[in-house]
1. For segment 197-214, state whether one or more residues are in a helix (DSSP H, G or I) and in contact with a His (Cβ under 7 Å, 6 or more places away or on another chain).
2. Taking the conditions exactly as written (under 19 Å from K109 (Cα atoms), modelled with pLDDT of 90 or more and of a type in the set (A, V, I, L, M, F, W, C)), does L188 satisfy them or not?
3. Restricting the search to segment 16-60, which residues are among the hydroxyl-bearing types (S, T, Y) and modelled with pLDDT of 85 or more?
4. Suppose we keep only residues that are of a type in the set (V, I, T) and open to solvent by 30 Å² or more (accessible area, probe 1.4 Å) within segment 213-243. Which one would you say is nearest to L104 (Cα to Cα)?
5. Considering segment 198-238 alone, what residues qualify as being without any contact (Cβ under 8 Å) to a residue 12 or more places away in the chain and small (G, A, S)?
6. Only one of L171, L205, L221, L187 is within 21 Å of the chain's Cα centre (by Cα) and either among the aliphatic types (A, V, I, L, M) or on the phi > 0 side of the Ramachandran plot (or both); which?
7. Looking at (1) open to solvent by less than 20 Å² (accessible area, probe 1.4 Å); (2) within 22 Å of T236 (Cα to Cα), find the lone condition where C156 falls short.
8. Mind checking which residues of segment 164-183 are under 18 Å from K133 (Cα atoms) and in contact (Cβ under 8 Å) with a residue 24 or more places away in the chain?
Amino acid sequence: WKALVNVHQCLSAVSALHSSLKFNSANYQDLCNSCVSDFKSNSHSTGCIHHRGKYHFYRQGNPRLSDVASATYRRCKDLLCNHKVKSCYQLTPQEVHQIRSKLLSGNSKEDLQLYCTILVAIYLFLRYDDVYKIETMKFMPGYSTFTPDGSVKTLCFQVKGKNDKEVLQLLLRACDEIPELCAVRHLLIYIYICNITEGFLFPDLTDRTKVRKYGNFLKTLKQKFSDILSRDAPMTTHCFRKT
């Protein structure tokens with residue numbers, strides 16, 4: 001909330017909204033109380049004595065260009081001048097190893113699911129929302145590949161990310177060099193143990209019609225990995241796609 005980029009985004013959203021409504025005029029005009037009073041006393045009024053025929057019964061133009069908005073922006077700029085933007089957390093291979101050891105040592109289905117979620121998000125460069133919206137029906141066996149003895153080499157999923165205009169086919173490849181970091185192996189084990197046959201690929205295991213909420217997800221990460229993730233960096237939806 002201390003980053004000036006949020007102010008820019010807010011102002012851009014205001015301009016985009018007014019542009020779509022054809023109200024993106026360069027000249028912002030506030031309403032005139034005299035015009036409003038004149039109209040209340042005479043419904044045929046075209047404005048007060050100063051705005052006759054050019055009534056100011058309501059605000060017009062883009063409020064982003066108003067004196068109040070400009071003054072507030074300058075104040076925000078002064079208040080946030082010392083703020084430094086920190087990049088979100090980026091896991092190292094060693095940290096992923098440590099996370100695996102911690103999660104799988106508890107023999108918990110929920111922790112196995114969490115580790116699989118992290119691996120899939122890392123390998124497919126997915127945000128939190130993208131990975132948790134994957135459904136079993138989005139699996140595409142026709143585009144997946146297998147060895148003659150039945151080993152899985154790649155799994156193909158349909159994914160529509162936040163900024164994607166159409167559904168994409170993404171390949172999750174087996175990592176034979178480092179099995180501990182192989183998303184395919186862990187995902188297949190997870191699907192078998194948790195009997196995932198329909199619905200979401202990573203559902204709330206207590207209610208499979210729902211998925212884990214983002215706030216709960218971040219809270220769990222910080223609680224479980226506070227001793228592993230020791231660097232001063234924020235955890236966000238981009239954490240795993242940057243790893």
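The values are calculated or read from the model by the stated rules, or taken from the named source; none is laboratory data. Quantities reported herein were computed from a predicted structural model and do not represent experimental measurements. Cβ placement follows ideal geometry from the backbone for every residue including glycine, while neighbour counts extend to all protein chains displayed. With ligands, DNA and RNA removed, areas are computed over all heavy atoms of the protein, side chains included. Shrake-Rupley method; radii C 1.70, N 1.55, O 1.52, S 1.80 Å.
1. Scanning segment 197-214, I find no residue that is in a helix (DSSP H, G or I) and in contact with a His (Cβ under 7 Å, 6 or more places away or on another chain), so the answer is no.
2. The answer is yes for L188.
3. S34, S37, S41, S43, S45, T46
4. Checked segment 213-243; the qualifying residue nearest to L104 (Cα to Cα) is T243.
5. Within segment 198-238, G215, S226, S230 meet the criteria.
6. Matching residue, one of L171, L205, L221, L187: L221.
7. Unmet for C156, out of (1) open to solvent by less than 20 Å² (accessible area, probe 1.4 Å); (2) within 22 Å of T236 (Cα to Cα): (2).
8. Those that are under 18 Å from K133 (Cα atoms) and in contact (Cβ under 8 Å) with a residue 24 or more places away in the chain: Q169, L170, L171, L172, A183.
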